[in-house]
Amino acid sequence: MITEPNPSPVHSRKDLLDIESLSAEEINHLLETAKPFKELFTRSVKKVPALRGKTVLNLFFEPSTRTRASFEIAAKRLSADVTNLAVSQSSVVKGESVLDTVDTMQSMKVDYLVVRHGAAGIPNQIAKHSPASVINAGDGNHAHPTQALLDAFTIKEAMGDFSGRKILIAGDILHSRVARSVSICANKLGMEVGIFGPPTLIPHGHPDYFHTFNSFEHALEWEPEVIYLLRLQLERQSAHFFPSLREYHQVFGMTRERFELVSRKGIYIMHPGPVNRGVELTDEVLTYDRSLINRQVENGIAARMAVLYWLQPGIPSPTIEEKAET
Ligand code: CP
């Protein structure tokens, strides 16, 4: 008999907009909640009735494979009803604004809005505007909180704990909402965080707790236990930050030579996907037994089930109360 996790001892929230606003206790609570949900995946019936009668709307203004499908499967495994709004075929292309689109959807009484948008801060605006629970599925270069949670879950599953463990985040830090959310989450959980990438793609004024390195070899001397390779986000780069993709791979990527050293040391490799083969990493990484890339995708469902289960739609937002007063 499959059971749902115990009701939360940690207070629920209406929305999940970033990792900054979660405490380490809340993050650990979500990771613990995800565990029994993952156990469900080995059963012939992979569903629990926890969100029966609730409706989840996926509202993706940017492309996605993993996150959108993962939220859909997570919601269905919790017995919620799910609708995917195909933004490119919606009235958005006729000029309807994001908030008007949300109002329209709200009239249909959805309980959760899962939002991805190219502009930072849009999920926060929607959360103030809507009584539905809003989950940020990635906004500009700001945040991707469920990616950080699924990554933390995967690290804990592989290594057992976080305290004092070292994670090196390598690549395009500047444009990466994943780097922001993963580094903040890792720090909150007690990990040491190193960053490495082209100097032009390292943000100025990064937090003091980051260790920085001037070469991949220098970073490897720090002895990271996990190397988190980032996707090179060419679609967000309006300037030339490095001479060529070939040079990027040679200087900043997981080349075959570096991979030989990394695999000898048994260092775990992670990547949020989608992967640019031959740019961030050589093909061999994808079949490495300590590559966690496929596990990250699998664990995304359990982590997102935990988030949907924890959030409470309908907690009145300040905007709603303000509206009632006027
Ligand atoms: N990791 C991630 O956000 O992938 P998608 O863009 O495919 O959702």
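Points worth noting:
- Residue within segment 107-127 that is touching a residue at least 12 places away in the same chain (Cβ under 8 Å), touching a helix residue (DSSP H, G or I) at 6+ places or on another chain (Cβ under 6 Å), over 18 Å from Asp18 (Cβ atoms) and within 16 Å of the ligand (Cβ to nearest atom) present: no
- Contact map, segment 280-305: residues that are basic (Lys, Arg) paired with residues that are part of a helix (DSSP H, G or I), Cβ distance under 7 Å, separation 6+ or inter-chain. Pairs shown: Arg295/Thr154; Arg304/Ser70; Arg304/Phe71; Arg304/Ala74; Arg304/Thr146.
- Where strands (runs of 3 or more DSSP E) sit wholly within segment 152-234, those with at least 3 residues that are away from the ligand (no atom under 16 Å from the Cβ), under 24 Å from Ala24 (Cα atoms) and in contact (Cβ under 8 Å) with a residue 24 or more places away in the chain occupy 166-170, 192-196.
- Summed over segment 57-101, residues that are within 22 Å of Pro274 (Cα to Cα) and touching a Pro at 6+ places or on another chain (Cβ under 9 Å) total 2.
- Test: Phe196 is in contact with a strand residue (DSSP E or B) (Cβ under 8 Å, 6 or more places away or on another chain) and over 30 Å from Ser23 (Cβ atoms): no
- Of the residues making up segment 25-54, just one is hydrophobic (A, V, I, L, M, F, W, C), in contact with a Leu (Cβ under 6 Å, 6 or more places away or on another chain) and surrounded by fewer than 17 Cβ atoms within 10 Å (Cβ to Cβ), namely Ala50.
- Positions within segment 7-46 being closer than 18 Å to Lys156 by Cα and of a type in the set (Lys, Arg), in sequence order: Lys35, Lys38
Read-outs: derived from the displayed coordinates by stated rules, not from any lab. Bear in mind that the values here come from a model prediction, so they are computed numbers and not experimental data. Positions of Cβ are generated from backbone atoms using ideal geometry, with glycine treated the same way; all protein chains shown enter the neighbour counts.
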